[in-house]
Amino acid sequence: MKNIVLIGFMGTGKTSTGRLLARRLGRPFIDVDERLELMAGQSIRQIFANQGEDFFRRLEQDVVAQVSRYTNTVIATGGGVVERSANVKRLRRNGVLIALTATVDDILVRTAGRNSRPLLQRDDPRAAVENLLARRAPLYAHAEFSVDTSGRTPQQVCDHVIQLLRTGGYLSGHG
Ligand code: S3P
């Protein structure tokens with residue numbers, strides 16, 4: 001069975017939806033950011049502060065190379081995973097890609113008050129989100145499916161993803 005890979009901007013619910021999805025389908029769940037932090041022995045915030053974004057992207061690429069060898073797994077990625085085309089190519093080899101989207105307003109609400117996302121620690125987070133989104137939206141659009149998460153709970157998003165996967169023939173009748 002192919003992996004189910006969630007891509008999309010920060011705050012679109014990849015981790016919470018992925019966790020639910022894995023539980024519902026009885027599959028293992030892997031969060032790329034979580035695995036990266038474990039591997040590095042530092043939080044993402046510390047990695048950005050100490051070694052910088054390029055170093056983070058190299059670690060991210062290593063983790064993606066590891067996890068894209070798996071099968072039958074639900075994988076939640078970090079929002080910037082699409083910045084390197086090698087990542088998308090690898091994830092696609094064994095997986096079906098699902099892009100989660102949300103409005104800028106929802107992204108800002110969901111990511112507010114957290115300092116775990118270095119790329120949004122700016123005087124003007126709205127401008128930061130808009131600029132990054134403008135660059136990345138065409139990359140997220142390479143996914144097989146896209147699901148708008150605005151105003152929806154992870155449970156509702158999970159239901160919708162399952163329905164899309166079933167219709168697309170990616171799941172057997174049981175899940
Ligand atoms: C990033 C998104 C974050 C994390 C890092 C960089 C990005 O993951 O990987 O802060 O470049 O969009 P989430 O999308 O899970 O917040």
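I'm checking my understanding of the structure. Among residues of the range 108-129 that are charged (D, E, K, R) and within 18 Å of the chain's Cα centre (by Cα), which one is surrounded by the fewest Cβ atoms within 10 Å (Cβ to Cβ)?
Looking at the filtered set, the residue picked out is Arg114.
Please indicate, with yes or no, whether at least one residue in the range 4-15 is hydroxyl-bearing (Ser, Thr, Tyr), modelled with pLDDT of 95 or more and touching a Ser or Thr at 6+ places or on another chain (Cβ under 6 Å).
Taking the range 4-15 as the starting set, the residues that turn out to be hydroxyl-bearing (Ser, Thr, Tyr) are 12, 15.
Imposing the further condition that a residue be modelled with pLDDT of 95 or more reduces the set to 12, 15.
Then drop every residue that is not touching a Ser or Thr at 6+ places or on another chain (Cβ under 6 Å), which leaves 12.
The answer is yes; a qualifying residue exists.
Among the residues of the range 43-51, is there at least one that is without any contact (Cβ under 8 Å) to a residue 12 or more places away in the chain, within 12 Å of the ligand (Cβ to nearest atom) and either surrounded by 19 or more Cβ atoms within 10 Å (Cβ to Cβ) or in a helix (DSSP H, G or I) (or both)? Let's see the steps before the verdict.
Going residue by residue through the range 43-51, those that are without any contact (Cβ under 8 Å) to a residue 12 or more places away in the chain are 46, 50-51.
From what is left, the residues that are within 12 Å of the ligand (Cβ to nearest atom) are 46.
Next cut, either surrounded by 19 or more Cβ atoms within 10 Å (Cβ to Cβ) or in a helix (DSSP H, G or I) (or both) only: 46.
The answer is yes; a qualifying residue exists.
Can you name the condition, by its number, that Arg114 falls short on among (1) in contact (Cβ under 8 Å) with a residue 24 or more places away in the chain; (2) within 12 Å of the ligand (Cβ to nearest atom)?
(1) is the only condition that Arg114 fails.
Taking Asp105 as the residue in question, decide whether it is surrounded by fewer than 17 Cβ atoms within 10 Å (Cβ to Cβ), at pLDDT below 95, more than 13 Å from the ligand (Cβ to nearest atom) and among the charged types (D, E, K, R).
No.
Restricting attention to the range 68-91, which residues are more than 10 Å from the ligand (Cβ to nearest atom) and touching a residue at least 40 places away in the same chain (Cβ under 8 Å)?
Ser68, Tyr70, Thr71, Asn72, Thr73, Val74, Ile75, Val88, Leu91, listed by residue number.
So how many residues does the range 6-29 have that are outside any helix (DSSP H, G or I) and within 13 Å of the ligand (Cβ to nearest atom)?
Residues meeting the conditions: 8.
The values are calculated or read from the model by the stated rules, or taken from the named source; none is laboratory data. These numbers were taken from a predicted model, which means no experiment stands behind them. Backbone-built Cβ (ideal geometry, glycine too); neighbour counts: all protein chains shown.
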